[in-house]
Every structure is written in C-alpha cells, then in structure tokens.
Amino acid sequence: MRLLLFAAFTVAASAQPAFEVASIRLAPCPCRVLHSFRPSGAAVTFEGYTWIDLVTEAYNLKVHEVSVPDALEKAFNFDIFYNIQAKAEGDAPRTVAEFRAMLQSLLAERFHLKFHRETKEMQVYALVIAKDGIQFKESDPDVPRKANVTVNGRNQKMTATHMTMDTLSTNLYIRPVVDRTGLKGEYDIVLEATPEFRINNNPQPEDISIFTAIQSLGLKLEPTRASVEILVVDSIEKPSEN
C-alpha cells in the first residue's frame, strides 16, 4: 500500500452534540442480534456492537476503513459485544446522522477514543450489477425503516428496508467495497452469508461465501483499486458499565 496523505486528528468531544444519558452494558452471549441500530424519537439503542462496530457506526465507515495497531488488537478483545441505550436532550426526534454524531462524543468520553486519518491506495471490490439484473425491489415508502443482523447457525443474516447501495457496500465485511451500481434508490435487502473468519479458519461444505450471497441479489463484486480514506485508531479504552 502506498501512503498518499496523512492528516493528524483527535476527537474533539466539545464540538460534537452529546447524549444526555447513556447506559453501556456488556451484551449477553451468545448474541442473537448483531448491529441493531434502533432509533425512537430522542432515544436510541445500539445492540450487539463490538467497539470497532461502534467506531464504524459513529463515523459511517466500512470495517476495512478502520485500522487498528497490533498492540491494540491484542489488548482489546474484538469478541466483546456491547448494548447501549441512550437519549438525547429533550423529546424532539433525532436523525440517524445526529445520533451518529452523539455516538462520536460517547466514544471520546467513555471509551477515550483518539485517532487520525490517512488516505491510501489499496485493492478494493467494486459492487456492480450482474448481467441478469437485480433480484430485489425498491422499498415501499409506507414500510417502516429497519436494518437488523441476526445469527443463523454459522451464518449472519441481514434484513433491511430502505437500504441504499452505498449502505449495502458499507456492510459487506470484506476488503473495502465501492458502490458502482449506479442505483440511487432505497431497497428491501435480505442477505445471508458465512463470516469470512469462519470460512478461513474452519470451512464447512454448507458455508455461503459473501461472493455467492451477493450474486443472489443480482449483484457482483469485481476486484479493482481505489484511493480510500481510513481512520487509524491511536488509543481506546474499555468503558465502565453504568
């Protein structure tokens, strides 16, 4: 990888909106729900998130757009999941973007997250439409918005409404994915695949690779190269529960 740009950056919590109250608890294991982001008016619940999931959620990044030094990987277990219940000040409903900004403040204040950004040229996958066309439909405007990841045996199953292709590419846990479908709408998406760490460490005949799963949607992942901005974690600490 060739380093193109370096820009030092640390979290400035005072410049961000913050939750009025927030409770952080360890999620009971085994987790049956992963990455469930449930806003409700001025309140929000994040269920089944690792610390790195919280970082990608807060900054709207793909997992491969976050770099963690080896020392931090050893010190901070990636298999610890958190449930967070939080509320903004007042009763006015908040947008997803506003909740993410508050989550940034929570990461700075409770996890003591510090980071900088770099831009690197790297190998990525381009998400494109397969030759037979897409196999999913646009979401009905009257259908509520939802996005859940559940555990189904060895697999993870994502069920979502009103999902954009950019959001879908963000949620594919492989090499960075860039959306080149040209699709601008919001869609109903159901996608089930076996996580790569299971396929790599203990493959089974019934495993479903993400490449096979994405083809069921009438899409395809093609290897290419692109400049990608990444967030490099400098330090983070385990939060105290409350």
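Checking each residue in region 212-237 for being on the phi < 0 side of the Ramachandran plot, surrounded by 14 or more Cβ atoms within 10 Å (Cβ to Cβ) and not in a strand (DSSP E or B) picks out Ala213, Ile214, Gln215, Ser216, Leu217, Ile236.
Restricting the first member to region 35-46 and to residues that are on the phi > 0 side of the Ramachandran plot and in contact (Cβ under 8 Å) with a residue 60 or more places away in the chain, and the second to residues that are outside any strand (DSSP E or B) and among the acidic types (Asp, Glu), the beta-carbon pairs closer than 8 Å and six or more apart or on different chains are His35/Asp53; His35/Glu57.
Of the strands (runs of 3 or more DSSP E) lying entirely inside region 57-170, those containing at least 3 residues that are at pLDDT below 95 span 114-129, 147-152, 155-163.
Scan region 50-104 for residues that are among the basic types (Lys, Arg), open to solvent by 30 Å² or more (accessible area, probe 1.4 Å) and touching a residue at least 60 places away in the same chain (Cβ under 8 Å) and the total you get is 1. Test Val143 against the stated conditions and say whether it is surrounded by 15 or more Cβ atoms within 10 Å (Cβ to Cβ) and not small (Gly, Ala, Ser). So Val143 does not fit the description; no.
Mind listing whichever residues of region 163-191 are of a type outside the set (Val, Ile, Thr) and more than 16 Å from the chain's Cα centre (by Cα)? Scanning region 163-191 gives Arg180, Gly182, Leu183, Lys184, Gly185, Glu186, Tyr187, Asp188. Of all residues in region 25-35, those satisfying the criterion of being under 14 Å from Trp51 (Cα atoms), assigned to a strand (DSSP E or B) and not basic (Lys, Arg) are Leu26, Leu34. For Glu47, the conditions (1) open to solvent by less than 40 Å² (accessible area, probe 1.4 Å); (2) in a strand (DSSP E or B); (3) not aromatic (Phe, Trp, Tyr) all hold with the exception of (1).
If we keep just the residues of region 25-40 that are surrounded by 13 or more Cβ atoms within 10 Å (Cβ to Cβ) and not charged (D, E, K, R), which is farthest from Arg100 (Cα to Cα)? The qualifying residue farthest from Arg100 (Cα to Cα) is Cys31.
The values are calculated or read from the model by the stated rules, or taken from the named source; none is laboratory data. Just so we're clear, the structure is a prediction, and the values are computed from it rather than from any experiment. Positions of Cβ are backbone-derived with ideal geometry, glycine not excepted, and every protein chain shown enters the neighbour counts. For the accessible areas, the whole protein counts, side chains as well, though only heavy atoms, and no ligand, DNA or RNA atoms are used. Shrake-Rupley method; radii C 1.70, N 1.55, O 1.52, S 1.80 Å.
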